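K.L.:
Here you go, one structure.
What follows draws every value from the coordinates through simple rules; no lab data is involved. Every value quoted in this text rests on a predicted model; they were computed, and no experiment measured them. Quick reminder, even Gly has a Cβ in these numbers, built from the backbone with ideal geometry, and neighbours come from all protein chains shown.
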Amino acid sequence: MTQAFFDHPYLSGHHQPVRFEASAPDLIVEGELQRDLAGVFFRNGPEPLYPTREGDYHWFDGDGMVYALHFEDGRVSLCNRWVRTEKFELERAAGKRLFGMFGNPLTADPSVQGKTYNTANTNLILHGGKLMALMEGAKPVVLDPRDLSTLGEHDYDGKITSTFSAHPKVDYATGELINIGAMINGYMGAPELRYDIITADGAVRHSAVIPVPHNALIHTFFLTENWVVFPIIPIDTDLQRFMSGGPMTAWNTGRPTKIGLMPREGGADDVRWFEFEPRHMFHELNVWEQDGKILADVAAANGTALFTDQHGERLTHGDTQQSLRRWTIDIAAGSMTEEVLNDRDIQFPRPDDRLITRKSRHSFANINLNSRDGRIEGMDAVLRFDTETGAEDIFHFGAGAAAGELVFAPRLGSTEEADGYAMTLVHRANAPTSELAIFAAKDIAAGPLATVQIPFRVPSGFHCNFYAADNPLYRQAVTPLRAAA
Ligand SMILES: [Fe+2]
């Protein structure tokens, strides 16, 4: 018999697990669903199958549950499935949690010692003809794009056998997927990352192992037309510290941000490192080259709200609230400056993905208009922000709402930046259901053009992506419904 989950802020309210899978062939849509909106919206996030062994919980630790909403022929379908990782299957067979939190071997059941902790819970992308569920500590897991059934871990013909990024970058100019593997020797092993260039058809054409200053979470990295940047922020995982009674994963107060700069086609000998003040930075809006500099627009804060410091103390809200900042990296000098572009409490900034690695101006993001210390209720609004003019375009879902990542969805046939729609998965305060709100991308303030009704509450999650039906990544991976039927 499965026991109830214990009380925890990230297991209640918007975060309360639903623990079930559904298939809904034709959802009710309020408003007008435009015919030039076709493709698929994906979301990944944590949906813990069982309570942890430690009696504690962390939002990042839940088993990956993926959602797909297919838009075609003027209809929207929904499917959600857990990713059948080895972890999921072993624990489901046992009827209880076997792995330690974050894969901690010291708290795991002996039966899973040496097994891979892969929750596949962070992101869900199309590339090389495959749909892949990603987390930064393990290999990608390939899923069927229609029914989301799990097809297995993917190692690129044995070429990528350690970790894979949750935020690899697709360069639409080349079709390539640029990837890193962080902590490839484990968090107590030699500090190295692996850098990969994967062709549009899914073959690894370049890999390099790169020494890094120390093991740390490297949740994202920057890519431009000619450069790659590895930001090493002061969050690390340390089993020695855990054995001494401290936190396993922590913000290491006093440690600078270390930034590695490398030509995109380079390797270990080409990396130059420099330091900046301590910063929390998990997500960039977009990054490009301009006048001998790299401009990186990022969601950053002076500290992290995700983990305590190495002594178990939480940082203040003021030090951990993220804002949209521009990091300007001088390539020749190996130095960086920072300016705040927008000081709203921001979670996930996203561009028109087609411009990743090239100059862009429109930022789509979920934000909180009622930011306060200790909030865990989520982001109650969405924003389009023009980084050239500073103009804001905001829609508020009401007090206590939780809006997920706002992603841009190109209109079929469009080529201009931000020509299309923007959509976010929302749970309004205390509602029994969720909704996918669809806006005209350049008029967020007007409110949703259409709202897809989801007949149950979708717990707050992580990353979303929309692939239009005329996107090469979609055409390569997704069989049209009528052909599949
Ligand atoms: Fe992320």
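K.L.:
Per residue, how big is the convex hull around the C-alpha atoms of the stretch 14-167? Give it to me in cubic angstrom, could you?
P.N.:
Working: hull volume 19.8 nm³, N = 154.
It is 129 Å³ per residue.
K.L.:
Something else about it: Please compute the alpha carbon radius of gyration of the chain, then divide it by the globular-protein estimate 2.2 N^0.38 Å. Two decimals is fine.
P.N.:
Details: Rg = 21.1 Å, N = 485, 2.2 N^0.38 = 23.1 Å.
Normalised Rg, Cα atoms only: 0.91.
K.L.:
Measure up K96/K159; K139/K293; K169/K293; K130/K159 against 28 Å on the Cα-Cα distance and list the ones that go over. Kindly include the intermediate steps, with their values, before the conclusion.
P.N.:
Numbers: K96/K159 34 Å; K139/K293 33 Å; K169/K293 20 Å; K130/K159 17 Å.
From the list (K96/K159; K139/K293; K169/K293; K130/K159), the Cα-Cα distance tops 28 Å for K96/K159; K139/K293.
K.L.:
Let me ask another. Could you compute Rg(Cα) / (2.2 N^0.38 Å) for the stretch 408-485, with N its residue count?
P.N.:
Its radius of gyration relative to the 2.2 N^0.38 Å reference: 1.27.
K.L.:
In terms of the Cα gyration tensor, with a ≥ b ≥ c the square roots of its eigenvalues, is the stretch 230-366 rounded because a/c is under 1.5, prolate because a/b exceeds b/c, or oblate?
P.N.:
Details: a/c = 2.19, a/b = 1.38, b/c = 1.59.
Oblate, since a/c reaches 1.5 and b/c is not below a/b.
K.L.:
Between A429 and S371, how many nm apart are label points set 7 Å from Cα along the C-beta direction?
P.N.:
2.0
K.L.:
Sequence gap at least 6, Cα distance under 8 Å: using those rules, report the relative contact order of the chain to the nearest whole percent. It would help to have the intermediate numbers written out before the result.
P.N.:
Details: 1303 pairs, mean separation 63.3, N = 485.
The value is 13 percent.
K.L.:
Which order do the peptides 249-260, 401-412, 228-239 come out in when sorted by mean C-beta neighbours inside 10 angstrom, highest first?
P.N.:
Packing proxy ranking, top to bottom: 401-412, 228-239, 249-260.
K.L.:
Taking amide hydrogens as modeled 1.01 Å from N in the peptide plane, which residues meet the under 5 Å criterion relative to G45, leaving out close sequence neighbours?
P.N.:
Counting only residues 5 or more places away or on other chains, the set is M65, F462.
K.L.:
If you don't mind, another one. Is the stretch 115-222 rounded, prolate or oblate when judged by the Cα gyration tensor, a ≥ b ≥ c being the square roots of its eigenvalues, rounded requiring a/c under 1.5 and prolate requiring a/b larger than b/c?
P.N.:
oblate
K.L.:
For the chain, what does -39500 (n - 2.57) per DSSP helix run (n ≥ 4), summed and divided by total residues, give at 222 nm, in deg cm²/dmol to the nearest 500?
P.N.:
On the way: 5 runs with 28 residues, N = 485.
Only helices count here, giving -1000 deg cm²/dmol.
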